[in-house]
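Below: one structure, written as structure tokens.
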Amino acid sequence: MNRSSRSWRTPARHLLAAIAALASFVVVIPVGALLLTLWAVSAAARGLARLTTPRTTGWKELVEYAPEVGWKPRPGLDCHAEDLAGDPFHVVTDEEGYRGAHGLSHSEVVVFGDSFAFGYAADDEDLFLRHAGGARVTALAAPGYSMVQPVLWMERLGARLSGKLVVWMVYLGNDLYDSLRPSTDGYRSPAVRLGEDGTGPAIVTAHVREGKIGFPRDRGVDAYVEICSGGLLSSRVFAAAEYLIERGWDACRAAGADLVIVSIPELSAAPRAILERKLALDDGAERFDEGLLDRTLAAICERAGVGFVPLFEHMGPEHYLQVDWHWNRAGHRRVGRVLGDLHALWLDGRLSTGPGGAADLPSEPPPSSDARTSAAAREP
Amino acid sequence: MIRLPDPPTRALVRGTWLILSLGAALIASVIFLAAGAPAWSLWGAGVLAILLVAGRARPRLRRSAYGAWRRVCGGLGRRAGVILERTAFAIVAVVGWAGGDMMRRPEPVDSGWRPRSTLQAGAYTSSGPAPEPDSSTGWLRSLLAWGRRSGHGWVWALVPVLALQRLIRPSARRALDGRNYTLY
């Protein structure tokens, strides 16, 4: 290409581009008007959402390091945190970092557990603690806790639990598996060492320090499926659970407290959908049996002489949030009612926590037989 | 940008319902004004009040409206995207066809062959001219700078089309994986 042809081509291109651009305005202007209208509505909605959403506090400001247990909620919180769907919820903790209006000393019922027991995603005024009939309830719980931290807290609190009803909530979605892991999402957490070499099971806390640890991330739904399918992992987590329940019961008994285990089923739509997809692809899906978790825990509790309440018999998918997988307002009300019933039975001395006794609660409307399946179907 | 995220937060659902209600009230007012109704603004306010009460009483209605608005934005956005893409191609085609080299036969005396030396494997990306992504200054400044630097100033003609196309970009979806930890 010679120099003269190039010299006229560049301005010609620019001229043509300008003409083409002007001509394109016939199309661009109406499309632009439409898109700008849609954008204005969306932007206004986003702006309103920002204006009406309270400032939320990150988890690092909500929890603090605690020796042995790893972390605990900060005392004196009165702020908003963000749930997994991005919705804010109001968190209030007392001077010891517990949720509940009465404080540990004045409470009749003390609830231990993970984020469900902590009331994750629930405003303070909607918490199950507030709906437990007339029972005075305090929750000693934190997000990310496994079954190990509650035992450590029971042992640590000792005599302060005297004369109280201890309700230990175990989330079947991950508490069983987490008890074997020395790390929770990178944070050092106490764990059970089963001691299969003959040393016997023990809780390991020597590695628990501030800061993160390089440890493989959890296997989430894969581990859940494996545990529900029997096999090695299943037997390991149940061995750990039995050890922990016995140890927790020893601590409660020594303190003069009664203990009831309450299992929390995995019924929320979001994890159910992930689980359904996994099972649809997995060859071992025919071995999958979620009822195994409650049956095995019930057997463990029976052997230990501890009361057991499977919340699956009292709750359905409608009690769970759609995106975040914790309880919704109706779920907290239902759990509060179960707690209230437990408290009433306990006051009457009819709570069978002795050998062979599952807690004999008034019957609730039974969930649909395929509640676990229908949870996934409810995903938006 | 025009399409709202899924799943939404409760505040976003509420905000969308309020804005859509305001829009409906405005349209109602305009209709009553055009029909010569004396209290047209009251009619608009009535529509707004009914919608706000309905949304308050039936949160599911708000969520359905949010989903419907998302679908409307998605459908219209897709169609608008196709039109804008074709418009952009048309501008490029006009410039390339009439003022470029595409339709011109190579002159026999001047070969288009250019010798190239071998690049290090790590350095090899693309030997052709292309706008360099520059996140610090934004896509518009980067594109305009590239046009000026490379002598392709005609790309400025694409700016209105590209700017509108950016409105159609899908918003980031909140990722939920199979891990069910809730600590941090």
*What number goes with the only condition from (1) surrounded by 13 or more Cβ atoms within 10 Å (Cβ to Cβ); (2) assigned to a loop (DSSP other than H, G, I, E, B); (3) on the phi < 0 side of the Ramachandran plot that A:S42 does not pass?*
(2)
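Tell me the residue from A:Y145, A:Y120 that is touching a Pro at 6+ places or on another chain (Cβ under 9 Å), assigned to a loop (DSSP other than H, G, I, E, B), of a type in the set (F, W, Y) and over 30 Å from B:G81 (Cβ atoms), please. So that I can check it myself, show each step before the final result.
Working: A:Y145 fails: touching a Pro at 6+ places or on another chain (Cβ under 9 Å).
Matching residue, one of A:Y145, A:Y120: A:Y120.
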*List pairs: first in the range B:78-89 and surrounded by 15 or more Cβ atoms within 10 Å (Cβ to Cβ), second part of a helix (DSSP H, G or I) and among the polar types (S, T, N, Q), Cβ under 9 Å, 6+ apart or cross-chain?*
B:A80/B:Q165; B:G81/B:Q165; B:L84/B:Q165; B:T87/A:S24; B:A88/A:S24; B:A88/B:Q165
*Members of the range A:271-296 that are of a type in the set (A, V, I, L, M, F, W, C) and buried (at least 23 other Cβ atoms within 10 Å of the Cβ)*: A:L275, A:L293
_Out of A:E64, A:E95, sole residue that is assigned to a strand (DSSP E or B), of a type in the set (D, E) and either surrounded by fewer than 20 Cβ atoms within 10 Å (Cβ to Cβ) or at the interface with chain B (Cβ under 8 Å from one of its Cβ atoms) (or both)_ = A:E64
*asked:* For the range A:11-49: of the residues being within 7 Å of chain B (Cβ to nearest Cβ) and of a type in the set (V, I, T), which is nearest to the chain's Cα centre (by Cα)?
replied: A:V41
*Restricting attention to the range A:226-244, report how many residues are within 14 Å of another protein chain (Cβ to nearest Cβ) and modelled with pLDDT under 90.*
0
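Look through A:E196, A:E266, A:E276, A:E210 and report the one residue that is assigned to a loop (DSSP other than H, G, I, E, B), within 14 Å of another protein chain (Cβ to nearest Cβ) and over 30 Å from A:L342 (Cα atoms). Walk me through how you get there before you give the answer.
Working: A:E196 fails: within 14 Å of another protein chain (Cβ to nearest Cβ); A:E266 fails: over 30 Å from A:L342 (Cα atoms); A:E276 fails: assigned to a loop (DSSP other than H, G, I, E, B).
After ruling out the rest, the residue left standing is A:E210.
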*asked:* Please determine whether any residue of the range B:63-71 is of a type in the set (A, V, I, L, M, F, W, C) and within 9 Å of another protein chain (Cβ to nearest Cβ).
replied: yes
*asked:* Checking the condition under 20 Å from A:A49 (Cα atoms) and at pLDDT below 90, which residue from B:M102, B:M1 passes?
replied: B:M1
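A:L180 - would you say it is closer than 26 Å to A:A223 by Cα, modelled with pLDDT of 95 or more and not hydroxyl-bearing (S, T, Y)? Steps first, answer last, please.
Values: closer than 26 Å to A:A223 by Cα: yes; modelled with pLDDT of 95 or more: no; not hydroxyl-bearing (S, T, Y): yes.
No: the conditions fail for A:L180.
The values are calculated or read from the model by the stated rules, or taken from the named source; none is laboratory data. The shown structure was predicted, so the numbers you read here are calculated from the model rather than taken from an experiment. Note: ideal-geometry Cβ built from the backbone for every residue, glycine included; neighbour counts use all protein chains shown.
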